[in-house]
Amino acid sequence: MLWGVKRFSFTRKQTASNKTPRQINRNLIFNLIRMRQPISRADLARVSGLQRSTVSLIAEELIQGKWVLEGQTAKLPRGRRPTFLQLNDQRAVIALDIHPVQTTVAVVDLGGRVVAQNLVVLPTDPAKAMKAMINAIKNMVAANKEKSFDGIGISLPGRADPGHEKLVFAPNLRWPALSIKKEIERATGMRVEMDNVANACALSEVWFGDSDGLHDLVVVNVAEGIGTGIFANGQLLRGDGGMAGEFGHVQLDPDGPECACGNRGCWEMMASNRAGLRYYSESAPNRGAPTFEVLLRLAQSGDAAALKAVQRMAMYLGRGMRMIASALAPAEIVVVGDITTAWHLAGPVVDEEIQRSALSRPPVRPAYEGNAARLRSAVVLVMNEEQGIEESE
């Protein structure tokens, strides 16, 4: 499982050598197929730098394991026609992105493509909430019978105890989730892997994003709260009890609003989606309270109050990132969440704040399809457990 500290080899640009474990060669080939499909064995050898015989052996293993399929052949003027390889898009996982009052249930294939998704409003009663999620999972599986599901990946808005597989810090989650893994496994018969959403997104960013896996990065997940996932020295940093990365509960303003953690003016109270909505209601008290998605649309359409709210939220987001930059000096900071859909409005404000740092000024960028990153992370959570692909010794 992902509860312990493990070393990953999500490397894209790493060239394998005789000293590199066979595992890394498999990871390398698998990821090249994922990114460049359809691709021939000859092109895989050229791009990876591996011997063609090595590539052929790995390709056959991936085909036998049903990770990869052989497709059409290319027409060449002369010589043997190469056969193209591509991921087996019939293999997929069920993704659960849990929020305090709602959960998104989705089907995500091996390449990280969201095939289908459904939003489930969660009842306040814990038992009813669990039942609603389980029913949504079963309905999603039934509606996608052509897929072969490898498991269920769940991203949680809280920190987990690595030893006991339970949440130990989830101030925004108003119903207990200690038994969620076992209950869903028992009800569906499927393997369940879960992790803190920011940690999962950090792994997903290395796996699906633009990072090469060789440099340190911090993922900032912006939602009802703010969480960070730290990928350093080739592995996920978890800390004692799995509590590393709770920058969202570092105080920015001692006179700020009270946080669910008991403190006042925490970073997430100043820069989360809830903060953006609060700033809007303060600027336009007579216009009602929109959802955060509506707020972003208003801002992008030129609404002055909405634009002011988003930019104020971005200002505090950047101030918190200065703290991360000074403390960790990552090679980059990657933002996940709905705010990325309006990054042309928020990004310049964040960058301005980052440039005020006297110590470290890492580039800040939105994740690829940042509002779907939490769903893509389910693939990493589940497929990491499959022997021979994502995890190295």
key: Potential lengthening between SER283 and MET323 on full extension [0.36 nm per residue; Cα-Cα distance subtracted]   = 11.6 nm
request  = Go through LYS147/LYS182; LYS66/LYS182; LYS131/LYS182 and tell me which ones have a Cα-Cα distance over 21 Å in this structure.
outcome  = LYS147/LYS182; LYS66/LYS182
message = Not counting ligands, DNA or RNA, and with a 1.4 Å probe, what is THR340's accessible surface area in Å² rounded to the nearest 10?
response = 20
inquiry  = I'd like the Karplus ³J(HN,Hα) series for the range 127-141: coefficients 6.51, -1.76, 1.60, θ = phi - 60°, whole numbers in Hz, and an x wherever there's a Gly or Pro.
reply    = 5, 6, 5, 4, 5, 5, 5, 5, 4, 5, 5, 4, 5, 5, 4
request  = Grab the Cα-Cα distance for SER179 and ARG361, subtract it from 0.36 nm times how many residues apart they are, and report the gain in nm with one decimal.
outcome  = 61.4 nm
task = Calculate the spin-label point distance for ALA187 paired with GLN37, positioning each point 7 Å from the Cα along the beta-carbon direction, and give it in nanometres.
result = 3.1
ask   = Ordered by packing density, taken as the mean number of other Cβ atoms within 10 Å over each peptide's residues, highest first, how do 116-126, 275-285 rank?
value = 275-285, 116-126
request  = Evaluate the distance, in nm, between pseudo-label points positioned 7 Å from the Cα of ASN144 and of ARG22 along their respective Cα→Cβ axes.
outcome  = 3.2
remark   = Extension length gain for LYS131 and MET243 (0.36 nm per residue less Cα distance), in nm, is 37.4 nm
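The values are calculated or read from the model by the stated rules, or taken from the named source; none is laboratory data. The structure presented is a predicted model; accordingly, all values stated were derived computationally and were not measured. Ideal geometry is used to build each Cβ from the backbone, glycine not excepted, and the neighbour counts take in all protein chains shown. The accessibility values were calculated without ligands, DNA or RNA, using every heavy atom of the protein model including side chains. Shrake-Rupley method; radii C 1.70, N 1.55, O 1.52, S 1.80 Å.
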